[in-house]
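To start, the structure itself, in structure tokens.
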Amino acid sequence: MRFRITGDCVINNEASKNPYVRTGKTKNGDAYETFSCAIKAAKNNTVFAELFGMKSDTIHTMDSDNDKIDVSWEDRFDDEVVAKVANYKKNVINITDDRKEFVAAYDAVKYLVENVDKVKGQRIIITGQVNKHVYQGKITDRFQIQNVYLATEDDKNGFKCTDMFYFSKDSFDTADWREEHKLIINGWIKTYIAEEKKNMYVPQTIIFDCSKVDWDNKKHRNRVNYILKQMKCNLTDDNKIKVSVGKTIYAIPVELTYFNGAQAEEITLEDLSPNQREAIELGIKELKDFASNVYGERITEFKLKDFDLTGDYSEGAVDTEIKLSELEEELFEPKKEEKLDDIMNKPTQAVDNDDTEEDDDDDDEDLFS
């Protein structure tokens, strides 16, 4: 699952319980270093990301022709070697006037650590991979950094994630649709599982959030129906969802947004203190001035925003002709008890700072964000 996120970079200091840099050695004695940070796409939406690098005698990578190649540790800075390695296998860091490309992630980590003041508190763009991390029988998402850039004024804060999404007729959960207008879709993505050393299906839940939709607005309603049609569903006249998926597994490339924070809640005058209500009565304040101070429970979710309707998917989701029983044969199920092999597998640490504020963007473009 590829991601791109733009926002403010938050860095913990080295004396923090969760410092921005961790060093050590693997069980094989190889030195490693990890850089971590938080990116705030909005003040109530934060992504924690990290970049892990390790020393090794040989770097196993790919060239620009997509062929496997080995690079000796001593040759990793050679210009011809760097140019030969495929872009998707390199780390690109552009946070100064000098753009850097690294064949070894270890060197990219060292560079970020040495130049941490260049990103701390700055608006940056991070691209990378969302990996499924298995620890103690649970699967969590880890945002692995590949490239880091300084953002420009034209770069809008936000999160974008893309992947192939697989679903069946039983993936659609409409329990929250009538009251909250949220469609829960329990499907799968296919990703590399390190302990199995192969690509496998992993459960993935995405949410089609229509809570901002004005159902009396024909354009809004048509947009909802269009999104549903891509997944072989449609909106009925009374705004219910009809699923027309067959008995096999369907697939479609999705674009998702990610939310990790506390959602702002609707408030009324009854929610305010007597002093706050008096300020409104006197015309000193408005109700909206206090809205950003009221938040619900912290949630983490991927929301459906759009699709890649190119190539084989020009007409929406495609029937893979894979039976559910066949998918289940390649479905990864983590063991209930799992030992921590080494410190590399520690879950990503959160930063200390946890300010929250509502992201007020309610136009058509963000209708389903």
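The values are calculated or read from the model by the stated rules, or taken from the named source; none is laboratory data. Every value quoted in this text rests on a predicted model; they were computed, and no experiment measured them. Note that each Cβ is placed from the backbone with ideal geometry, even for glycine, and that neighbours are counted across all protein chains shown.
For the stretch 1-54, please list each of the strands (runs of 3 or more DSSP E) lying entirely inside it that holds at least 1 residues being at pLDDT below 90.
31-42, 45-54
Quick one: ILE206 ticks every box in (1) buried (at least 19 other Cβ atoms within 10 Å of the Cβ); (2) in a loop (DSSP other than H, G, I, E, B); (3) β-branched (Val, Ile, Thr) bar one, so which box is it?
(2)
Looking only at the stretch 184-220, how many residues end up being modelled with pLDDT of 95 or more and among the aromatic types (Phe, Trp, Tyr)?
Matching residues across the stretch 184-220 total 3.
Need the failing condition index for ILE249 against (1) surrounded by fewer than 20 Cβ atoms within 10 Å (Cβ to Cβ); (2) in contact with an Asp or Glu (Cβ under 9 Å, 6 or more places away or on another chain); (3) at pLDDT 95 or above, just the number.
Condition (1) is where ILE249 drops out.
Scan the stretch 108-140 for residues that are without any contact (Cβ under 8 Å) to a residue 60 or more places away in the chain and either of a type in the set (Phe, Trp, Tyr) or in a strand (DSSP E or B) (or both) and jot them down.
TYR111
Farther than 25 Å from LYS160 by Cβ and in contact with a helix residue (DSSP H, G or I) (Cβ under 7 Å, 6 or more places away or on another chain), is that true of ASN234?
yes
Quick test for you: out of ASN44, ASN28, ASN12, pick the one residue that is without any contact (Cβ under 8 Å) to a residue 60 or more places away in the chain and either in the same structural domain as THR300 (by TED's automatic domain parsing) or surrounded by fewer than 23 Cβ atoms within 10 Å (Cβ to Cβ) (or both).
ASN28
Every residue in the stretch 146-158 that is touching a residue at least 24 places away in the same chain (Cβ under 8 Å) and either closer than 12 Å to ILE124 by Cα or assigned to a loop (DSSP other than H, G, I, E, B) (or both), please.
Within the stretch 146-158, ASN147, VAL148, TYR149, LEU150, ALA151, ASP155, LYS156, ASN157, GLY158 meet the criteria.
What are the residues in the stretch 221-243 that are at positive phi and at pLDDT 95 or above, if any?
Result: LYS232, single match.
Tell me which residues, restricted to the stretch 85-104, are in contact with a Ser or Thr (Cβ under 9 Å, 6 or more places away or on another chain) and buried (at least 16 other Cβ atoms within 10 Å of the Cβ).
VAL85, LYS89, LYS90, VAL103, ALA104, listed by residue number.
Those residues that are of a type outside the set (A, V, I, L, M, F, W, C), touching a Ser or Thr at 6+ places or on another chain (Cβ under 7 Å) and outside any helix (DSSP H, G or I), I need them from the stretch 61-84; list them, please.
ASP70, SER72
If a residue must be surrounded by 15 or more Cβ atoms within 10 Å (Cβ to Cβ) and either in a strand (DSSP E or B) or modelled with pLDDT of 90 or more (or both), how many such residues does the stretch 274-297 contain?
Total meeting the criteria: 1.
For the list (1) surrounded by fewer than 15 Cβ atoms within 10 Å (Cβ to Cβ); (2) at pLDDT below 85, I need the number of the one condition that THR300 fails.
Among (1) surrounded by fewer than 15 Cβ atoms within 10 Å (Cβ to Cβ); (2) at pLDDT below 85, the lone unmet condition for THR300 is (2).
Test THR162 against the criterion of being touching a residue at least 60 places away in the same chain (Cβ under 8 Å), in contact with an Asp or Glu (Cβ under 9 Å, 6 or more places away or on another chain) and of a type in the set (Ser, Thr, Tyr), and give yes or no.
Yes; evaluated as a whole, the condition is true for this residue.
Of all residues in the stretch 172-182 being in contact (Cβ under 8 Å) with a residue 60 or more places away in the chain and of a type in the set (A, V, I, L, M, F, W, C), which is nearest to MET231 (Cα to Cα)?
PHE172
I'm trying to understand the selection: among the residues of the stretch 190-237, which are without any contact (Cβ under 8 Å) to a residue 24 or more places away in the chain and either acidic (Asp, Glu) or touching a Gly at 6+ places or on another chain (Cβ under 8 Å) (or both)?
If the condition is that a residue be without any contact (Cβ under 8 Å) to a residue 24 or more places away in the chain and either acidic (Asp, Glu) or touching a Gly at 6+ places or on another chain (Cβ under 8 Å) (or both), then ASP214, ASP216, ASP237 are the ones that fit.
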